[in-house]
Structures are given as C-alpha cells and as structure tokens.
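Nothing in this text is a laboratory measurement; each read-out follows from the coordinates by a stated rule. It should be emphasised that the depicted structure is a prediction, and the values quoted were computed from it without experimental measurement. As a convention, Cβ positions derive from the backbone with ideal geometry for all residues, glycine included, and neighbour counts pool all protein chains shown.
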Amino acid sequence: MAVSAGRAERKNAMKDLLGLESLSAEQIGYILDVARPMKNLFTRSIKKVPALRGRTVALLFFEPSTRTRSSFELAAKRLSADTLSFTASTSSVTKGESLLDTAKTYEAMKVDFLVMRHAASGAPELVASAVKAHVINAGDGSHEHPTQGLLDIFTILEKKRKIEGLKVVILGDILHSRVARSNLWGLTKLGAHVTVCGPSTLIPAGLTDVFGPRVTVSTDLEEALDGADVINVLRLQRERQQGDYFPTLREYTELFGLTTDRLRQAKPDCLVLHPGPMNRGLEISSEVADGPRSQILDQVTNGIAVRMAVLHLFAGPEGLPATVPDGKQTAKAVQTTFKALS
Amino acid sequence: MTPSTSVPLLIKGGRLIDPAHNRDEVLDLVVEGGRVARLGKNVTPPAGAHVMEAAGMIVAPGLVDIHVHLREPGQEGAETIETGTRSAAAGGITSVVAMPNTQPAIDSATGIRFVLRRAAETAHIRVWPSGSITLGRAGEKLAEIGGMVKAGAVAVTDDGNSVPDAQLLRRALEYAKMFDVTVMEHSEDKSLMADGVMNEGPLATRLGHRGIPRQSESIAAGRNIALAALTGAHIHLTHISTRETVDLVRQAKKKGITVTADCTPHHFTLTEEAVVRCGTNAKMNPPLRAEEDRRAIIEGLKDGTIDCIASDHAPHSRASKEQEFSAAPFGIVGLETLLPLTVTQLIEPGHLSWIEAIRRMATNPAKVLSLPVGDLAEGSPADIVIINPVEERTVTGFSSKSQNSPFLGWTLRGFAQVVMVEGRIVLRREALRPVSAS
C-alpha cells in the first residue's frame, strides 16, 4: 500500500487530512486562523456562503456516529457544497464490498471529498492512496481524529489565547482513543505540556517514546490535575470493563471520575472539555459537565467552524500547502469575502 | 516433474558446498540415475554426458524449507501444490514441508495421502506433508498421529496455533516420540496476543494498532521447552522472532534439552518499521519486531542456537491483503526470497560463511525432521541448487500464485540458476544451459 502524501512527503502539499501527526505547527495554526471567520458566520441569520458551491462531499461513515457526521454535513452545507451520506449498515458493505471498492465507487461519482469514519486504524490512509479525492479522516480506529483535535485546540485557544506552556490533562481510556492521539500530536506541536491520566491498563506502550518529553503519564488523577489549565475528559466505552481493563465501572468512577471536588486541584480557570457523547456520573459528574468551566457545547459549535476551515483549505487541487501563507491575512481575506456576500 | 534424463550430467568447476561432510571446495560432480554418482577434481565426462560449466557458481544441496503453506486443499485461489512448488523451485528449494493448516486441516492419514497424491500429480519438487497435532487444529483432542506418520507425515504441528493446553501438548510429545516424529510448535500465548496485529511498542501506539507483546511468544516457548525437558521428546520451535526466545533456546540447548528452532528471512531482515512502508505486506505472525530482536536472531543463527532458516511462505490473494490493516490476514510469500535474502543479509555482511548458511538452509532442516535429503555425498539423491553468488536482480514478481511480499522492488544477489530434484532439472536460467560433451 502506498503511503499517501501526508506522511511520506512532508515538503509537498497535502491532499488529505489523515492526522495531526503529519501537520506542522504552522499548518495547524493556519487552519485554526481560518476557522475564526467561519465561526463569525454563525452569528448571522444567513449562515451559508458559496465558497464550495458545486463541490460534493461524501460522508462515508463505516462506524456509527451522529455528532461528527452532523457536524461535517453542516460544515459542508454552510459552504454550499452538496453532501451525500453513506452508512455502512444500509450499504453494499453489508453485501461484502471491500473498502477500496466502496471508495473507488464514490470517486467514480466524481465527489471532491471523502469524509471517512472507520473502525480500523489506517483505513483512511489506505483509501487516500487509491483515490484522487481529498480524504478527510473523521476518526479511524484508535489512530487519529484530526478535526476533533483541531476543534479541541481551537476551543482552548479561544479562551486561553495561547497553547504554548499550558498544562493539559487528557483523562481516561488513552489506549483505544483516537481523540487522545490527535490531541497529543496537536498540543505537543504547539508547545503544551500534556499529562495523560487513566488506569495503567488503558495507557498504551511507549507513549512517551512516541510523543516526546512534553508528555507525562500519571495514574493518580489528583496529582495529574495539579496546576492544570485544561482537562480533556475522554468518553469511557462501557465494554472495556468486559475486557477486564478495570474491575468495575464503580471503581473506575471512584478513581478517575471528574468531580467538582477533584477539579479544585486544577487551576481556578481550568477548562473542561469532553468530545461527547458523555456518560454522566461515570467519567464526568453532571456538576462538572454543566458547570462554569465546561466547554462541551462550545466544542460542538467550534467543530463546525473547524471543519468548514478544513474543507475550505483542502479544496484546492493540491490540498493544503506545505508552506502556509500568513493565517491572519488569509482569515481577513475570508472575512472580507464573506462580508461582501452578506 | 519432468521425466528424468537418463543422460549423465557433469557439473564442472563449481564451488561445491556440502555442510553435512564439511566440504567447501572446487569439485566436479556427476549426476547419473538421479543420484550423485561421483565427486572429484577434473573428472572426465562419462560417455555421452552433458556438461554444465559452473565455474564461479556455488553448487549446493537443494534447499529444504520446513515451513511452507501450500494452501491446497481449500485455498487454491492463493496457492496450489503446483504453483507453490514452482515458486520453491524458482527459489532454489528442492524440498518443502507442507503445513497442515489447510481447509480442512490435514489431521488424518487420508489428508496426508491427499497431499502426497496431489504432489505426485502436480509438484515440481519434493513435498513432505505434516499433520496437525490435534483434530482440526482445535487444540482439544489428539489427531491420529500414528496413522499420519505411517501415511508419510514428517512432522506434526498445529501451526498458526499453539497447542494451548500444556497437558495435551505433554501427551502429544510423549505420543509422538513413539513414532520418532518431531512436534513443531508455533509458540504463542493466544490470550496475551488477544486482538494484536503488530509488534507491541511505540510504533503500534502511534499507528493506533493493537500490539502483540513479545512475551506472547516467549511464554509459550518457555513452556514448550519445559515440556520437552519433561518428556525427553524433541520439540522444534518454528519462526522464533524475539531476543527472549533466542535466549531461552540457547539456554535449553546448553542444558541438553532436545530443542531445535528456525527463523524466517523477514525476521532477520526487517523490523516493525516496515509496517509503515509496506502496510499489510508487512503483517505476519509472529510480527516483525524491534531492531534488538533482529540482531538477536542473527546472533542466534551465528552461534547455532537457531538451526534452520525457513520461509513461513504464506500466500494470500491480492484482495485479501488490500484491506484495512486489522482485517487483512497474517503472512507473506517467501520461497523465492529465502536464498537471496540469506546471501545479501547474512553472507555478504559476514554474519555467516557460505557453508554455515547452506547448513541452515539445507543440512539442518533435513536433519531436524530426519528427511533423507540435504547432502551431496556420492550415492545421495541429486537434489542440487546452483547459485550465482554475485548476479544481482531486482525482485519484480514471483512464480507463486500470490505476490504478497514486502521485498518487491528490492535488489538482491545470490539467486538460484539451476535447480534439480533427483537429477531432473526443474529450474534453469539461460546462462547455464548444459551442452553435450564433444
């Protein structure tokens, strides 16, 4: 299988968004800058601009997802792209079609984007190497979920104005989490210190070898929260208990559930993020989820803006340039264009 | 096989390497009636003999590969006995041991007889069948090992699986000992392997793939060695892949436990990094490991801890490999790269001399399973490979029905030029066409 431009040739423009691992800090900053004018659109009564008119975005969701799919669909629609949806349970996949055949079928329909969610790590990379359309990874197995990483960073940036030097805690099932990996890549590239925290059975091997010295591992939540600026709580898959990663959900909550009490260990202005959907009372208490530090609903709003920026910036024939122009300038230009349209 | 030529053949001026007799010298060799008729210096061609000029060539016993998946019966789309043995011939291999994890598994005398009959009908080289240890390779009840041995099985193995139950494996070892048949174990603790798809470590973490810890092999290998000690039976550990397992085998041998081992060319050539470049063509079980393991495998080959090199040739169709990494099957083809990888990766860098390399590819594999091949004494079957040690070729495809290999595009040296089985030529490249003696 050929390695797509994302990883193999860093110097070239990037056709696909497969993960934050392959993006430079500048490219991440550029996408986030362009997400800002996108978000400004949401305050208007007409939230739609014709930036991607005539383009087609296929949403290939091989794994069930409501919020990510809705978010991408809305992002595409607000840019005036046509969207088309594919769900594995109602598709030819149930008739035994291979992943590559499905992808090539959509390619033959001349779609411009394949937004893809898949249970197997690396599946979007496999597709990206076989099609000319831009592949946007909407979450692959335990590998990456780059737009989630971007929207989390966008949310932090909005409130904290910077990423460098922040202490960010990622709490929960790190082993199986693509959200954790995308956050780790993005945050460390931008200079944050990340503490991953969870039961030792759910911390993958060699984590610090992969992400470097800015990452520390802790299995003591109170210690991890000490001085934290941000805490990103991951969703706990209840079936992990069946895999004996921990004895009971009760004990998990006892040790790793985020409560108001525990949150006192963090800085007073610590932000609380959660990619959703939440298990209230399991990994996060309702008081925290609905409390003043919670960014959870902002994350949902920001997700659309970030995905609009991604679709907009990858829409060129080459995709995202390796050397990006000044993000602020581009954002200004986008803003001006949108204003003219209103 | 093509009919044996009754015309005698003189292979002239080659460097003859026969590790069984510690021979490595320029010698002429006469093949007659399917056997090595004569060895000597400046031999006069017998009347009517063909002469093959082999100056600059290595003349060695045909290679013996004791771990090969021929896929027949059941998965003929990926390989058959015909195509698999054609691939072996192209790789300089004259004997293969066929693994029993076919569909259905070879777990009865009938199954062994089927493989032998199909081999007689279609094979280009010798096929030695192996039978499974347990019925259906399910790890629950012993298969009729006695009947299979009588029918021609040269080893028993549940390859692809370890025998999970220690008591059952103990019985298998004790029982197999009655028939002097070797138990070959794929050492793996399945509970620890779980849903792993590549070596556990930072790379698997980065790629989001489930890891297979090295201990899933060494735990099983340690148990297997302990059971060999308990029963006094010979156990052969196939495709060992980690430093820990090499150490365990080394220590067991020192204690006099009857254990032997083989490794694959991919485990002494590649590390897990190949997964990034080659995707599913670098997915196999045991998985490619870390650099320290690769080095330990080479050390094990050097000091004799690892007796044999075997391909673990595992053909899979393009469709089955062009899938998501976690969905694709384990295994790569290897018959045609075993010899050139050994030459390029082990002989050229000075890890093994030619004679020691041939010992691990022909002499020892035959000895481990008591096969009556693998040497070049006068009177031995004329199973011969002639190797051009310096000719360089780029691997562009295989005679196998399947092409799943991480070595496509590699430039290697040491390819087989002529291969014969019992004096019948099964592979001949243009340069070495024999001419009639004048």
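If you look at the Cα atoms of segment B:155-198, you get an Rg and a Dmax of 12.1, 38 Å.
Using only Cα atoms, figure out Rg for chain A and give it as a multiple of 2.2 N^0.38 Å.
Values: Rg = 19.6 Å, N = 342, 2.2 N^0.38 = 20.2 Å.
Dividing the Cα Rg of chain A by 2.2 N^0.38 Å gives 0.97.
Of A:Glu125, A:Glu21, A:Glu223, which has the largest mean-square fluctuation in a 10 Å C-alpha GNM of chain A? Largest GNM mean-square fluctuation: A:Glu223. Show me, bin by bin at 10 Å from 0, the whole-percent P(r) of segment B:153-254 based on Cα pairs. Answer for segment B:153-254: a P(r) of 15, 45, 28, 10, 2 percent. In this model, which of A:Lys39/A:Lys110; A:Lys104/A:Lys332; A:Lys189/A:Lys328; A:Lys15/A:Lys162; A:Lys189/A:Lys339; A:Lys47/A:Lys332 are farther than 26 Å apart at the alpha-carbon? From A:Lys39/A:Lys110; A:Lys104/A:Lys332; A:Lys189/A:Lys328; A:Lys15/A:Lys162; A:Lys189/A:Lys339; A:Lys47/A:Lys332, over 26 Å: A:Lys39/A:Lys110; A:Lys104/A:Lys332; A:Lys15/A:Lys162; A:Lys189/A:Lys339.
Only bridges with both residues in the protein assembly as shown count here: give the DSSP antiparallel percent, nearest 5. For the protein assembly as shown, the DSSP antiparallel bridge percentage is about 35.
Computed from the mean reciprocal separation of all distinct C-alpha pairs, what Kirkwood hydrodynamic radius does segment A:146-298 have, in Å?
One decimal place: 15.1 Å for the Kirkwood radius.
Whole-Hz Karplus values for segment B:404-409 come out as 6, 9, x, 9, 4, x Hz, taken residue by residue from phi with 6.51 cos²θ - 1.76 cosθ + 1.60 and θ = phi - 60°; glycine and proline positions read x. Each principal axis of the Cα cloud of the protein assembly as shown was evaluated for its coordinate range; sorted largest first, these ranges are 101, 56, 46 Å. Cα centroids of segment A:134-165 and segment B:341-378: 54 Å apart. Counting only Cβ charges, +1 for Lys and Arg and -1 for Asp and Glu, the dipole size of the protein assembly as shown around its Cα centre is about 2040 debye. Beta bridges from DSSP with both residues in chain A: antiparallel share about 5 percent, rounded to the nearest 5. What aspartates and glutamates could a cross-link reach from A:Lys132, if we take a straight Cα to Cα line under 15 Å and drop same-chain neighbours fewer than 8 places away? Within the straight-line limit of under 15 Å, A:Lys132 reaches these aspartates and glutamates: A:Asp16, A:Asp101, A:Glu107, A:Asp112, A:Glu318. When you restrict to C-alpha pairs under 8 Å that are six or more residues apart and normalise by the size of chain B, the relative contact order lands at 21 percent. Sorted fewest first by neighbouring Cβ atoms within 10 angstrom, B:Met148, B:Met193 come out as B:Met193, B:Met148. Taking B:Lys401 as the anchor, which lysines have their alpha carbon closer than 22 Å to its alpha carbon, excluding any fewer than eight residues away along the same chain? Filter leaves B:Lys283, B:Lys321. Residues in segment B:164-178, backbone N under 15 Å from the label point at B:Lys190 (7 Å along the Cα-to-beta-carbon vector): list them, ranges by number please. Residues B:164-169 qualify, since their backbone N sits under 15 Å from the label point. Note on chain B: the C-alpha convex hull projects to 18.9 nm² when averaged across all orientations. Whole Å is fine, so just give me how far the alpha carbon centre of segment A:293-309 lies from that of segment B:197-227. Cα centroid to Cα centroid, the span is 40 Å. Working note: Debye formula, equal point scatterers on the alpha-carbon atoms of segment B:271-429, no solvent; log10 I(q)/I(0) at q = 0.10, 0.15 Å⁻¹ is -0.41, -0.93.
Comparing Cα centroids, segment A:167-218 and segment B:1-71 end up 61 angstrom apart.
Among complete DSSP H helices in chain A, those whose alpha-carbon atoms stretch at least 20 Å along the helix's long axis and whose mean Kyte-Doolittle hydropathy reaches -1.0 are A:25-41, A:146-160, A:296-314, A:327-341.
Of the residues A:Asp82, A:Asp226, A:Asp290, the one that moves most in a GNM of chain A with alpha-carbon contacts below 10 Å is A:Asp290. Among A:Ala13, A:Ala180, A:Ala309, which one shows the biggest mean-square fluctuation in a GNM of chain A, springs joining Cα atoms closer than 10 Å? Top of the fluctuation ranking is A:Ala13. Cross-link reach is defined here as a Cα-Cα straight distance under 23 Å, omitting same-chain residues fewer than 8 places apart; for B:Lys177 the lysines meeting it are B:Lys141, B:Lys150, B:Lys253, B:Lys254, B:Lys255, B:Lys367. Contact order, relative form, for segment B:254-401: 22 percent (alpha carbon pairs under 8 Å, 6 or more residues apart, mean separation divided by residue count). Contact order, relative form, for segment A:146-298: 23 percent (alpha carbon pairs under 8 Å, 6 or more residues apart, mean separation divided by residue count).
Taking 7 Å steps out from each Cα toward its Cβ at B:Trp410 and A:Glu158 produces label points 5.2 nm apart. Beta bridges assigned by DSSP with both partners in chain B are antiparallel in approximately 55 percent of cases.
Just going by the charge dipole of the protein assembly as shown, with Lys and Arg at +1 and Asp and Glu at -1 on Cβ, which of B:Ala252, B:Ile145, A:Ala138 is farthest out on the positive end? Toward the positive end, the furthest listed residue is A:Ala138.
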